[in-house]
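For reference, the structure is listed below as structure tokens.
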Amino acid sequence: MNDVTMKGLSERLFKVVGTRPLRPDGVDKVTGRAKFGADIHVPNMLIGKVLRSPHAHARIKSIDTSKARALPGVKAVITSADLADLPSEFIPAGEMMVNYRDMTRNVMAREKALYEGHAVAAVAAVSEAVAAEALKLIAVEYEVLPHVLDVAQAMEPGAPLLHDNMYTIGVEPKPAKPSNVAKRVEFALGDVAAGFAKADVVVEREFTTKPVHQGYIEPHACLASVSEDGQAELWCTTQGHFIVRSFCAKLLGMELAKLRVTASEIGGGFGGKTVVYLEPLALLLSRKSGHPVKMVMSRTEVFRATGPTSGARVWVKIGATRDGRITAAEALLKYEAGAFQGSPVQPGCMCAFAPYDLDNVKVVGFDVVVNRPKVAAYRAPGGPIAEFAVEQVIDELAKRLHLDPVELRLKNAAKEGTKAAYGPKFGPIGMVQTLEAARAHPHYRAPLKANQGRGVASGFWFNIGGETCAALNLGEDGTVTLVAGTPDIGGSRASLAMMAAEELGIAVDKVRPIIGDTSALGYNFLTGGSRVTFSSGMAVIEAARDVIRQLCERAAKIWEVAPDEVIWEDGHARSGKLALSLAEIAETAGKTGGPIVGNAAINAQGAGPSLATHIVDVEVDPETGKVTILRYTAIQDAGKAVHPSYVEGQMQGGAVQGIGWALNEEYIYDKDGRLENPGFLDYRIPVCSDVPMIDTVIVEVPNPRHPYGVRGVGETPIVPPMAAIANAVENATGIRFTALPMSPPRVLEAIDAARASKI
Amino acid sequence: MARVVLSGTLKQLAGGASEIEVEARDVRQLLRELGSRYPELAPHLESGYAIAIDGEIFQDAWFAPIGPDSEVHLVPAIRGG
């Protein structure tokens, strides 16, 4: 447990926290100075490229690299034979549990290629052209196998089997035969049969969602340099350079201290950059060639070989009494994991009914492998899929009960003390407050025209803490360098600098925040789980208090008084009428004991969940099926918004990604399991002209376990949009869309079918 | 003694036990006791469970204290994106 929690949150008056200073990384980003993954060039650098499987499922019978190796300019060629095989076991890597047998097979196919785009070999050459030519000279003999892409088909008896050693965990009796079902999970509370027996109205529906990519604008990229004595440097775009170090060291048999990883600026991640693809290959190519090796994915490679999140089938049943009290809720979730186990079905099950206070709940989930890239985390992994289904059934229930959908949610909203279906009781949470804010918002009462509809949906995400370090180095002029170990994706350098300034009592522009490499700080878990402003913020506050303790000690020495006679107040050490500013103490630090450095190394606990409610208005064109988003309001509990602009940015970004997931995004495959739309032209994420200004309302229900009351905010905003939009489309058309995406052809087909049924 | 609630997969692995009493002062003692009492549970406890003590979730925190009257739930560890 950490000791930085403060009481009396609601009484604290902030000077810096809650303001909107310019972000410290802003100028570099708008002037092109910022260095992203592909922006580093070093002398004698080679270019690495990957040969990828053209088949969705194929046994690799042989790989002949001799012609590629003989090509002038080629310095190294690698296959899975260059990587050690690792046993199948889930072992800790930092805070993650990782199966390195799967990871080594995902970065380079071994016995089989399990999806189109699966890496099969890689080369390093003096130029991109030579590397590309070398790939053509690698001869791979495949035995093409039947493939399966859909979760329901993958679960059928006789489905093409991806792994002959996969026996479903969590079922009794233990299966005698392998299958594509990796795991069954179950969460239950109360007695659902008895609950449904008390219901006056029961709504039951089945839903499907498609895999969608995180859609980060910056492709994966890295540069690796391994010296002859085994020391290595790696520059890469990642959400967690410490986990990249852990993964690569394990895959390549390196000592952690010999691998120094630097996180570049990152052009989006959204969960998709919490894994390794190119990094171990670049290190291996560098080790083998003796040169630095740079690797950059094309957009096509990003689509064929990374991410996405799961496609899924979800069945939901909810019963309620006439007065709107839910008596029972049940769900069955089947999530695609991609080629290796590990879909987010477990958190999906836990999120499904989390916004509600229910006595009788049962949720069962299945983790199922299919011939696609292994899924990677995508904002609130698992949650949006579950809530797309649950929040539509809630909406339909409200209609059947002739209740306002916000009122129905308020009647059943989870609050402090509510027991979640997955076990524990909630502390203070903001579900009721977001619903009340929605009900009070002018948007909720604005008039609608013909073919327009309004939808509402709520969403939940847990948020996490974890291992985190921070350092504050005082310069002799009184400025402060803040070193954090969590890559800045959403403006965290600004929020961390603000918390340091708040605690130290100095102006925020006196704090320069940087992201240190893996040699600069102790272990930091990645940027994910909406944890950075919470956890790194906690570490920064603790480091600032370490600095303040030292400043007070120095002042006491200068004044020749006891340390306990000195207090820190408003950026000054004070003892009676004596006062010294931070800058004054820093100026003489060399003479009073040496440099002043504040450190913190914590395992942050106590992350509070964040809840949200979204309102959306749509217009459906009955002639084309196009759904236009007319107005969108996102309301969310942030605990305490450190930099409100970045909280709003997270809420807006999540809503926009959800709009894409709802209306456009899907992978199109040919009959052989090859992706036909691996680019932003045909896989269409929303652009500015597709969306209105997303209005935001920040609700602040302080998290008592953070010194300033902070909750994570990055993930919850993508949970409600798909259901909110589906509810709005239903409101506009009278048609309940249970499958994503609600793209124009699908919407038009449903409208035409509805018209035909009325004739 | 602390009351430990098991559900779903963990309940199956513990031979159907849904509520058990465990003498443990902290998370590490709890995990050791559960692993010793239910050997089939042991590998799963090391592979991604967090501990909710009286409603507050602790992740990777061996020395988080457990009170004699605490209610403890084992919750799948959450990572996020």
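Every number in this text was worked out from the coordinates using simple rules, so none of it is lab data. All values derive from a computational prediction rather than experimental measurement. Cβ atoms come from the backbone with ideal geometry, glycine included; neighbour counts cover every protein chain shown.
General observations
- Here is the size of region A:148-234 from its Cα atoms: Rg then Dmax, 22.8, 74 Å.
- Against the empirical 2.2 N^0.38 Å (N residues), region A:692-755 has a Cα radius of gyration ratio of 1.67.
- Farthest positive-ward along chain A dipole, Cα basis, beta-carbon charges - from A:Thr588, A:Phe270, A:Ser179: A:Ser179
- Chain A: antiparallel DSSP beta bridges as a percent of all, rounded to 5: 75
- Under a 5 Å amide H cut-off, with hydrogens placed 1.01 Å from N, A:His118 pairs with A:Ser53 among residues at least 5 apart or on other chains.
- Estimated purely from DSSP H runs of n ≥ 4, each contributing -39500 (n - 2.57), the mean residue ellipticity at 222 nm for chain A is -8000 deg cm²/dmol once divided by its residues.
- Check: the protein assembly as shown dipole with +1 on Lys, Arg Cβ and -1 on Asp, Glu Cβ, in debye: 1060
- Over all pairs of different C-alpha atoms, region A:413-460 has a mean inverse distance whose reciprocal, the Kirkwood radius, equals 13.0 Å.
- Region A:74-180 pair-distance distribution - Cα-Cα, 5 Å bins, rounded %: 2, 10, 14, 17, 18, 15, 11, 7, 3, 2, 1, 0
- Normalised convex hull volume, region A:570-674, alpha-carbon set, Å³ per residue: 281
- Alpha-carbon spread of region A:434-574, three principal axes, descending order, Å: 78, 35, 25
- The rule of thumb for compact globular proteins, 2.2 N^0.38 Å, goes into the C-alpha radius of gyration of region A:227-380 1.41 times.
- Shown here for region A:541-628: GluC sites (Glu not before Pro) in loop regions (DSSP other than H, G, I, E, B) with at most 11 other Cβ atoms within 10 Å, namely A:Glu560, A:Glu623.
- Sorted from longest to shortest, the spans of the Cα atoms of region A:591-631 along the three principal axes equal 78, 26, 14 Å.
- When restricted to Cα atoms, region A:191-310 yields an Rg and a Dmax of 21.2, 74 Å, respectively.
- A Cβ-based charge dipole, computed about the Cα centre of region A:326-410 with Lys and Arg at +1 and Asp and Glu at -1, lands at about 400 debye.
- Whole-number D in µm² s⁻¹ for region A:620-750, Kirkwood Cα-pair radius fed into Stokes-Einstein, 25 °C, 0.890 mPa s: 150
- Residue exposure sequence - A:Asp695, A:Asp64 - by fewest surrounding Cβ within 10 Å: A:Asp64, A:Asp695
- When each of A:Lys250/A:Lys288; A:Lys136/A:Lys671; A:Lys112/A:Lys288; A:Lys67/A:Lys374; A:Lys415/A:Lys640; A:Lys273/A:Lys334 is checked by Cα-Cα distance, pairs over 20 Å: A:Lys136/A:Lys671; A:Lys112/A:Lys288; A:Lys67/A:Lys374; A:Lys273/A:Lys334
- Backbone geometry of region A:299-312 corresponds, through the Karplus equation with coefficients 6.51, -1.76 and 1.60 at θ = phi - 60°, to 3J(HN,Hα) couplings of 4, 4, 5, 4, 6, 7, 10, 10, x, x, 9, 5, x, 7 Hz, x marking Gly and Pro.
- Euclidean distance between Cα centres, region A:151-189 to region A:32-99, Å: 30
- Taking 1.002 mPa s as the viscosity and 20 °C as the temperature, the Stokes-Einstein diffusion coefficient of region A:356-426 based on its alpha-carbon Kirkwood radius rounds to 146 µm²/s.
- Positive-end residue, chain A charge dipole about Cα centroid, Cβ charges, pick of A:Ala129, A:Gly660, A:Thr486: A:Ala129
- Reference-scaled alpha-carbon Rg (2.2 N^0.38 Å with N residues) for region A:127-282: 1.54
- Rounded to whole Å, sorted largest first: equivalent-ellipsoid semi-axes of chain B, Cα gyration tensor: 16, 16, 12
- Candidates per chymotrypsin sites (Phe, Trp or Tyr not before Pro) in region A:433-470, loop by DSSP, up to 10 other Cβ within 10 Å: none
- Cα-Cα pairs of region A:385-438 separated by more than 12 Å (percent): 69
- Taking the convex hull of Cα positions in region A:436-489, its mean projected area over all directions (nm²): 8.5
- Put simply, the convex hull of the Cα atoms in region A:459-534 casts, on average, a shadow of 5.6 nm².
- Coil-residue trypsin sites (Lys or Arg not before Pro) of region B:1-48, DSSP, other Cβ within 10 Å capped at 16: B:Arg25
- If the Kirkwood radius is taken over C-alpha pairs of region A:282-366, then at 25 °C and 0.890 mPa s the Stokes-Einstein diffusion coefficient equals 148 µm²/s.
- Simple Cβ-charge dipole of region A:409-448, Lys/Arg +1 and Asp/Glu -1, about Cα centre, in debye nearest 20: 140
- The convex hull built on the alpha-carbon positions of region A:520-609 has an orientation-averaged projected area of 7.5 nm².
- When A:His220, A:His614, A:His241 are arranged by Cβ crowding within 10 Å, least crowded first, meaning fewest neighbours, the order is A:His220, A:His241, A:His614.
- Antiparallel bridge percentage (DSSP; both residues within region A:607-759; nearest 5): 60
- Largest-first principal axis extents of the Cα set of the protein assembly as shown (Å): 92, 76, 60
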